[in-house]
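The structure appears right after this line, and notes come after that.
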Amino acid sequence: MFRRIPAVALLSAAAFAADWSQFRGPNGSGVGDATRLPIQFGPQKNVLWKTPVPFGFSSPVIAGDLIFITGAEGGSRADAGREKVVDRGGKLYTVALSRGSGKILWRREAPRPRIERYEPTNSPASPSPVTDGENVYVFFGDFGLLAYSGKDGAERWRLPLGPFNNVNGHGSSPILYSDLLILVCDQDTDSYLLAVDKKTGRVRWKTPRPEVTRSYVTPAIFQPKDGPAELIVPGAYQVTSYYAGTGEKAWWVRGFSWQPKSLPVIDGDMIYVHGWEGGGDAESPTETPTFAAALAQRDANHDGKLSAEEFAGDPKIQKGFYMIDLDGDGLVDERDWNFYRAKRSSRNSLLAIRHGGSGDITGTNVVWSLQKFLPNCPSPLVYQGVLYLIKDGGILTALDPKTGKILKQGRLSSALGAYYSSPVGSAGMVFLASQEGKVTVIKAGADWEILAVNNMDDEAYATPAIVDNKLYVRTRGTMYCFGDKD
């Protein structure tokens, strides 16, 4: 039933283990193998090179001498209402740079048959590329998937996807497993997990995810000592594992937050995954009537559905009606209402899940959980036996990953803004980039300490990459390579 990975595939993966081939590096861990990195750096300090690049929030990925990013150029932003924006024109690009010099080697324009609106702190080029060292694979919400030769940018294949029903735009990055390219396509209707043949773009399997609504997550791969590899996929209201080769569901954990954005982190047999959203910090669930009760109270025309007008006297629901009406047909049906109830009862959480078992393992495999001090977007980092969380306001929390006990918590005093970039660790240090472009370097450990705060003089949303004792940082308009010149 399950296909074993050929030895050559394992060797191929090992060959690129020193690269940073996907969002947040090896299996999304955020951990590099550098032995020396600069502590102080910036636009004029310890710069090996810097290159202007198109706007976009995707994080750099690296294989051999090539760096890949995506971006958007031209056009302008316009207000799309309901606190969203939409591009007026503009083109989408995949860009390859030389890792040694920063020179742009090639750029390829992607088709853009539609222009979907997005949340202002998102971008039309937020999903990060993934590379196998030979080709690079990218995803744009305004088109779908594309594959290019890494060497010269020749297009290998394209697979249109969408349009998508995701009011905030996209953030999920594709990953590679064996000969499969895998992408989470969560949205408010018709969510699914997709695997295509990386050589041809042909769909190998597609698994519906009707139990979840929108998310912005990137999966991670769990390889048990015995048995097939699994895809760990957070989602609205639950965390789910699928067999990577087939897309068959293996197990799940309930009680998760809605609209998750971060990537799961795997350490041994433990899986750490978190979700945070506004309104999810209350200690007890918010009570919401059943759909039958809501109909009995509100359904004036007795059509079995609810319109915005039928919520007269409840201005809060009327204002946010479009958030409840998931399919956008102007009416709330039972599915819409049940997801609304789930959203109101969900709670923010960091879950430590021990791998093992099948089916619903909520009651048996959650080792510990934490409900406070959780980030909005940044993924957790497990590095040198400590789990780190960075929350808006520059609140850094160090935890014991075995117990969830808080070891140390404090503010990054000179970097108190919002955080969208995820922390990365290497050479005994942790690097944390704030939205305003302050990159804090801390000495790793349970009793962490700030070593430096570096001002990039530009906003930063992308997660840094670490390869060969070099730190690669993308700001809103520039790609930097930093190295210790001392």
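The values are calculated or read from the model by the stated rules, or taken from the named source; none is laboratory data. As the structure is a computational prediction, the values presented were derived from the model and not from experiment. Cβ placement follows ideal geometry from the backbone for every residue including glycine, while neighbour counts extend to all protein chains displayed. Each accessible area value is taken on the protein alone, full model and side chains, heavy atoms only, with ligands, DNA and RNA left out. Shrake-Rupley method; radii C 1.70, N 1.55, O 1.52, S 1.80 Å.
Suppose a student asked you for the relative contact order of region 324-408, using Cα pairs under 8 Å spaced at least 6 residues apart; what percent would you report? Could you put the intermediate results ahead of the total?
Details: 105 pairs, mean separation 14.7, N = 85.
The normalised contact order for region 324-408 reaches 17 percent.
Through the Karplus equation 6.51 cos²θ - 1.76 cosθ + 1.60, θ set to phi - 60°, convert the phi angles of region 436-451 into ³J(HN,Hα) values in whole Hz; use x for Gly and Pro.
Residue by residue, region 436-451 yields 7, x, 9, 9, 8, 10, 10, 6, 5, x, 4, 9, 4, 9, 6, 9 Hz.
Where only protein heavy atoms count, and the probe is 1.4 Å, what is the accessible area per residue for region 309-446 in Å²?
Values: 5390 Å² over 138 residues.
For region 309-446, the per-residue accessible area is 39 Å².
Counting only trypsin sites (Lys or Arg not before Pro) that are in a DSSP loop and have at most 15 other C-beta atoms within 10 Å, tell me the longest site-free stretch of the chain. Don't skip to the answer; put the middle values down first.
On the way: sites that count: Arg3, Arg4, Arg36, Arg82, Lys103, Arg114, Lys151, Lys199, Arg202, Lys225, Lys372, Lys402, Lys405, Lys485.
Segment 226-371 is the longest.
Under 1.5 on a/c is rounded, so check that first for the chain, then, if it is not, pick prolate when a/b is larger than b/c and oblate when it is not; a ≥ b ≥ c are the square roots of the alpha carbon gyration tensor eigenvalues.
rounded
Where the accessible area of the chain is counted over protein heavy atoms with a 1.4 Å probe, how much of it, in %, is carbon and sulfur?
Details: 9520 of 19020 Å².
Of all accessible area on the chain, carbon and sulfur atoms account for 50 percent.
For region 193-321, what is the convex hull (Cα atoms) projected area averaged across all directions, in square nanometres?
11.5
Over all alpha-carbon pairs of region 261-309, lay out the pair-distance distribution in 5 Å bins, whole %, shortest bin first.
All Cα pairs, binned at 5 Å, distribute as 4, 15, 13, 10, 11, 13, 11, 9, 7, 5, 2, 0 percent.
Explain nothing, just the number: relative contact order of the chain, from Cα pairs under 8 Å at least 6 residues apart, as a whole percent.
Across the chain, relative contact order equals 15 percent.
Accessible area per residue for region 93-157 in Å², computed with a 1.4 Å probe and the full protein assembly in place, what is it?
Value for region 93-157: 33 Å² per residue.
Mind checking the alpha-carbon convex hull of region 400-486 and giving the volume per residue in Å³? All intermediate terms of the calculation are to be shown ahead of the outcome.
Numbers: hull volume 9.6 nm³, N = 87.
For region 400-486, the hull spanned by Cα atoms encloses 110 Å³ per residue.
Once phi is turned into ³J(HN,Hα) by the Karplus curve 6.51 cos²θ - 1.76 cosθ + 1.60 with θ = phi - 60°, what whole-Hz value does each residue of region 175-185 show in order, with x for glycine and proline?
Each residue of region 175-185 in turn: 10, 10, 9, 6, 9, 10, 9, 10, 9, 8, 10 Hz.
Against the longest alpha carbon principal axis of the chain, how many degrees, from 0 to 90 and to the nearest 10, is the axis of helix 334-345 turned?
The helix 334-345 is inclined about 60 degrees to the chain.
Provide, for q = 0.12 Å⁻¹, the log10 of I(q)/I(0) from a solvent-free Debye sum over equal Cα point scatterers in region 306-448.
These q points yield log10 I(q)/I(0) values of -0.69.
How much accessible surface area, in Å² rounded to 10, belongs to the heavy atoms of His302 with a 1.4 Å probe?
Ignoring ligands and nucleic acids, His302 comes out at about 150 Å².
Report D for region 63-155 in µm² per second (integer): Stokes-Einstein, Kirkwood Rh on Cα pairs, 10 °C, 1.306 mPa s.
Translational D for this selection: 114 µm²/s.
Hey, could you grab the Kirkwood Rh for region 169-252? Inverse mean 1/r over distinct alpha carbon pairs, Å, one decimal.
It works out to 12.8 Å.
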